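Worksheet for the structure shown next.
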Amino acid sequence: MESYQPVPRAVYEALEELYLMREVANFTYRQDFMPKTVLNAQITDLHQEADGEWVTLEGGLRLRLDQLVAINGKPLQFWA
């Protein structure tokens, strides 16, 4: 995996709000060399590690925040 590319702080805050409100959201993400994937899920964990910021979705899928492409159809640049 490439080195972590920080996302705008507002993205983390939007994810934190979804997590605290226990809302189901639509996540578009890229993983390795796979095409974009869309998943409708609830966030079960949101935290920082030495290698970046991570979100865990129901079902156990862990994504580094720089793998996210869009949240609820809004590209990450929306929050920049």
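The values are calculated or read from the model by the stated rules, or taken from the named source; none is laboratory data. It should be emphasised that the depicted structure is a prediction, and the values quoted were computed from it without experimental measurement. SASA here: full protein model, heavy atoms, side chains in, ligands and nucleic acids out. Shrake-Rupley method; radii C 1.70, N 1.55, O 1.52, S 1.80 Å.
For Val7, all conditions in the list (1) open to solvent by less than 60 Å² (accessible area, probe 1.4 Å); (2) aliphatic (A, V, I, L, M); (3) assigned to a helix (DSSP H, G or I) hold save one; what is the number of the exception?
Val7 satisfies all of (1) open to solvent by less than 60 Å² (accessible area, probe 1.4 Å); (2) aliphatic (A, V, I, L, M); (3) assigned to a helix (DSSP H, G or I) except (3).
Please work out which residue is farthest from Ala10 (Cα to Cα), limiting yourself to region 63-80 and to residues that are open to solvent by less than 60 Å² (accessible area, probe 1.4 Å) and charged (D, E, K, R).
Taking the candidates together, the pick is Arg64.
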